[in-house]
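I have placed the structure first, in the form of structure tokens, so that the comments after it can refer back to it.
Rule-based calculations on the coordinates, nothing more; no lab input. Note that the structure is predicted; figures quoted are calculated from it, not measured. All Cβ positions, glycine included, derive from the backbone under ideal geometry; neighbour counts span all protein chains shown.
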Amino acid sequence: MAHIKRGDNVVVTKGREKGKQGKVKRVLLKKNRVEIEKVMMIKKHVKASQKDPQGGIKDIEGTIAMSNVSLWCESCSRAVRSKVNVDDAGNKQRVCVKCDTTFPNPGM
């Protein structure tokens, strides 16, 4: 079970983008990387085509290693680790280590 899921609010803890917050757009499990909105913007040179007749240089989001990202807890207002609790029905829930609040399961 990955500690980061699509739709989570996260904060970057390491690297040149350290301290930036955003929402996870997608998770690449095989590469252990995540793509976050408006974080790690890179330039991509796009050739002109029928879909994009102008072409040019576009700004797109790059990926960040999952180990360099932490969940953002709204009640703690800080980056925290998470643990998995199993309730009596056998359902897994991600919980903040510091304040024991449950992280919502973003069902995107």
Taking H as built 1.01 Å from N, whose amide H comes closer than 5 Å to the amide H of residue 8, not counting residues under 5 places away? 24
What are the semi-axes of the equivalent ellipsoid of the chain, taken as the square roots of 5 times the eigenvalues of the Cα gyration tensor, listed largest first and rounded to whole Å? 33, 16, 11
Using the count of nearby Cβ atoms within 10 Å as a rough guide to exposure, how do 42, 64 rank from fewest to most? 42, 64
Here are some pairs, 38/98; 38/83; 5/43; 38/92; 14/98; which of them have Cα atoms lying more than 24 Å apart in this structure? 38/98; 38/83; 5/43; 38/92
Cβ-derived FRET efficiency at R0 25 Å, residue 9 paired with residue 60, nearest 0.05: 0.75
Under 14 Å, Cβ to Cβ, from residue 81 - net charge with Lys/Arg +1 and Asp/Glu -1: +2
Between residue 76 and residue 44, what is the FRET efficiency for a Förster distance of 30 Å, r being their Cβ-Cβ separation, to the nearest 0.05? 0.25
Given the C-alpha centroids of segment 17-32 and segment 40-108, what is the distance between them in whole angstrom? 4 Å
